[in-house]
Amino acid sequence: KNWKQMLASPIFYVMIILLTCGAFSGMMIISQAAGLAQDMVQMNAMAASTAVSVLALFNASGRIAAGSLSDKIGRIYTLMIAVVLSIIGVGILYMTHQGDILKFYIGVSVIGISFGAFMGVFPGFTADQFGPKNNSVNYGIMFIGFAAAGFFGPTVMKSVYLKDGTYTRAFLIALALNCAGVLLCVLYRQLTKKSERNV
């Protein structure tokens, strides 16, 4: 399908919102990783920079692992696993308190894997759904979902912290969006099954 045909498909809107929900936690944490480390668990600046490196490492690992997994079990099931991982990661950070350095690293690492999974799987997911011929343009449009996460994730994180003096409410917002992501995965499966029956 070309971009006009893609935009006419209800599945496109499920996918782009799923991308936004799936990337939100990763963009939120990446933008504030050093600040989170210093504020939440009282790391010094050097240790906080290590947290950023850990996040980047697991982000890269998530891309490779998810790409391999999606070839075996399918894109949507891989993305569903990624969303569930994000729920776990954000939940761990929500329960992290001062001095819980190990818990902080685990939460950040799990979110990094989830974020990498979305970035690694979605180009192929878009090509599978709408065809490879116009994927450069189609994925360029789909990437608006990632851009939205890149805007709203850091904005929510910063504004919540400025208002509340803590990141707690931002984690709850991320959890809600991840739960919405699970529902969108289920909705995607229903829509594709319906379209397969109509072919």
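The values are calculated or read from the model by the stated rules, or taken from the named source; none is laboratory data. Predicted model only: the values in this text are computed from it and were never measured. Just the protein is used for accessible areas: all its heavy atoms, side chains included, with ligands, DNA and RNA removed. Shrake-Rupley method; radii C 1.70, N 1.55, O 1.52, S 1.80 Å.
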Sequence-separation-based contact order of the stretch 2-70, relative, with Cα cut under 8 Å and 6+ spacing, percent: 19 percent
The chain: angle of helix 10-40 to the longest principal axis, Cα-based, in degrees nearest 10: 10 degrees
Length-normalised contact order of the stretch 82-187 in % [C-alpha pairs under 8 Å, at least 6 apart]: 34 percent
Evaluated at q = 0.15 Å⁻¹: base-10 log I(q)/I(0), Debye formula over Cα of the chain: -0.86
Within a Gaussian network of the chain (alpha carbon springs, distance under 10 Å), most fluctuating of K103, K163, K72: K163
The chain - accessible surface per residue (Å², probe 1.4 Å): 48 Å²
For D128, solvent-accessible area (1.4 Å; no DNA, RNA or ligand), Å²: 100 Å²
Heavy atoms of F58 accessible to a 1.4 Å probe, total area in Å² rounded to 10: 70 Å²
Eligible lysines near K1 by straight Cα distance, threshold 30 Å, same-chain separation 8 or greater: K72, K133, K193, K194
For the chain: relative contact order, % (alpha-carbon pairs under 8 angstrom, 6 or more apart): 36 percent
Set of lysines with alpha-carbon distance to K158 below 26 Å, sequence-local pairs under 8 removed: K103
Rounded if a/c under 1.5, otherwise prolate or oblate - the stretch 139-199, Cα gyration tensor axes: oblate
Heavy-atom accessible area order for R63, R75, largest first, 1.4 Å probe: R63, R75
Nearest-10 value in Å² for the accessible area of T20, using the 1.4 Å probe: 30 Å²
Percent carbon-and-sulfur accessible area, the stretch 41-117, ignoring ligands, DNA and RNA, probe 1.4 Å: 71 percent
